Amino acid sequence: MTSVLEVKNLKTYFFTEEGIIKAVDDVSFNVPKGTALGLVGESGCGKTVTAMSITRLISAPGRIVGGEILFNGYDLLSKSEKEMRQVRGAQIAMVFQEPMTALNPVLQVGFQIAETVLAHQNVSKREAWARAVEAMRAVSIPDAENRAKDYPHRLSGGMRQRIMIAMALVCHPALIIADEPTTAIDVTIQAQILELLDSLREQYQLSLILISHDLGVVAEVAETVAVMYAGKIVEIGPVMDIFHNPKHPYTEGLLRSVPRLGSSAQKRDRLEVIEGMVPNLLRLPDGCSFAPRCYKRTLECTLSPIPLEHVSRSHGARCIHA
Ligand SMILES: Nc1ncnc2c1ncn2[C@@H]1O[C@H](COP(=O)(O)OP(=O)(O)OP(=O)(O)O)[C@@H](O)[C@H]1O
Ligand code: SF4
Ligand SMILES: [Mg+2]
């Protein structure tokens, strides 16, 4: 299968007064056309910085210092800012966690979607509005013609998230990156948004990167899961392998915090959190970054950096005791 996106050895560092923060450190993955990749890990592990690197939205003190980002075979890192503006929104679109901060409160939502069309396509305002309404229908917003004239505060959280997805979809991008798209909305609506993303993917042959701290959320949609810890992918593989045959102790820990199948929505709080502190990226230990929290740790783990090694053809883990 051809890949829409190939990220190879990506490194994005922040050059701060306290030191260099390696927010994304040698990250590689592929997104084959029409598939979904889930990117999971605790707060601060580098998920958003990975997404922002792909769309080249990293600003000082951050900088992409290495790697390649091939989108349909072309390296995004060698594109000019002007070329990137044509990629963003039109070919790669992003959906963020909190629609209220991404939407302009004083503009009609239909107008805001239409603006995305006008930014990328040479069509009339009337046509742009029609496409905005069409995109709102595609994300199952009832009475789209009238809702398009609403201001963001008139809509519920779930509806606002649908507006964001409509905005992402309206130029028919090849790839949508959804960064915690369901974190700010309640659980029943969460499931609907995930279903929506999944059905749009099939309908439009979209590829998707779904970012979440919740392994349960990405498992609903993704074929492949990449688990990040302290700026590195520590495990990557088909969702079934990650769930039923995890090789990295950190993934095991994340799995223990996923609610069991069939547990009620109210019980969807964390069952068990992984013990120990989220690491300080300015002071990572030698050897395995997860060692301070790992129940399997041996002296060997702390001597030198741990490579990501294959455990099967499509499954890799960064653990010497995998
Ligand atoms: N502007 C910045 N300046 C300095 N460091 C930054 C900046 N932005 C991000 N970082 C660093 O990059 C790391 C990764 O941040 P990122 O936002 O990608 O985490 P995340 O995995 O998306 O977390 P969350 O689940 O909370 O969204 C953070 O730990 C932080 O130290
Ligand atoms: S390399 Fe060692 S410390 Fe790191 S995850 Fe594996 S067992 Fe734990
Ligand atoms: Mg984030």
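For this structure, a couple of remarks:
- Some residue of the stretch 89-99 being of a type outside the set (A, V, I, L, M), touching a residue at least 40 places away in the same chain (Cβ under 8 Å), buried (at least 19 other Cβ atoms within 10 Å of the Cβ) and within 30 Å of Gly19 (Cβ to Cβ): yes
- Selection status of Ile242, outside any helix (DSSP H, G or I), at negative phi and modelled with pLDDT of 90 or more: no
- Candidates Leu200, Leu210, Leu175: the one that is farther than 21 Å from Glu6 by Cα and either within 16 Å of the chain's Cα centre (by Cα) or at pLDDT 90 or above (or both) is Leu200.
- Test for Ala60: is it hydrophobic (A, V, I, L, M, F, W, C) and either within 14 Å of ligand 3 (Cβ to nearest atom) or within 30 Å of Ile189 (Cβ to Cβ) (or both): no
- Residue check, Ile185 touching a strand residue (DSSP E or B) at 6+ places or on another chain (Cβ under 9 Å) and among the hydrophobic types (A, V, I, L, M, F, W, C): no
- Boolean, Arg63 is farther than 28 Å from Arg147 by Cα, modelled with pLDDT of 95 or more and within 15 Å of the chain's Cα centre (by Cα): no
- The stretch 69-86 - residue that is in a helix (DSSP H, G or I) and not acidic (Asp, Glu) and, of those, nearest to Pro173 (Cα to Cα): Gln86
- Scanning the stretch 24-54 for residues that are of a type in the set (S, T, N, Q) and near ligand 3 (Cβ under 10 Å from one of its atoms) yields Ser43, Thr48, Thr50.
- Any chance Lys149 is modelled with pLDDT of 95 or more, over 18 Å from the mean Cα position of the chain (by Cα) and not acidic (Asp, Glu): yes
- The condition of being within 11 Å of ligand 1 (Cβ to nearest atom), under 19 Å from the mean Cα position of the chain (by Cα) and touching a residue at least 24 places away in the same chain (Cβ under 8 Å) holds for only one of Gly19, Gly38, Gly46, that being Gly46.
- Any chance Asp198 is within 17 Å of Gly46 (Cβ to Cβ) and of a type in the set (Asp, Glu): no
- If you go through the stretch 23-68 and keep only what is within 16 Å of ligand 2 (Cβ to nearest atom) and in a loop (DSSP other than H, G, I, E, B), you end up with Gly41, Glu42, Cys45.
- Subset tally (residues that are small (Gly, Ala, Ser) and part of a helix (DSSP H, G or I)) for the stretch 273-309: 1
- Tabulated pairs, the stretch 168-183, first of a type in the set (S, T, N, Q), second in a helix (DSSP H, G or I) and within 13 Å of ligand 1 (Cβ to nearest atom), C-beta under 7 angstrom, 6+ apart or interchain: Thr182/Val217
The values are calculated or read from the model by the stated rules, or taken from the named source; none is laboratory data. From a predicted model like this one, the values you see are computed outputs, not experimental measurements. Positions of Cβ are generated from backbone atoms using ideal geometry, with glycine treated the same way; all protein chains shown enter the neighbour counts.
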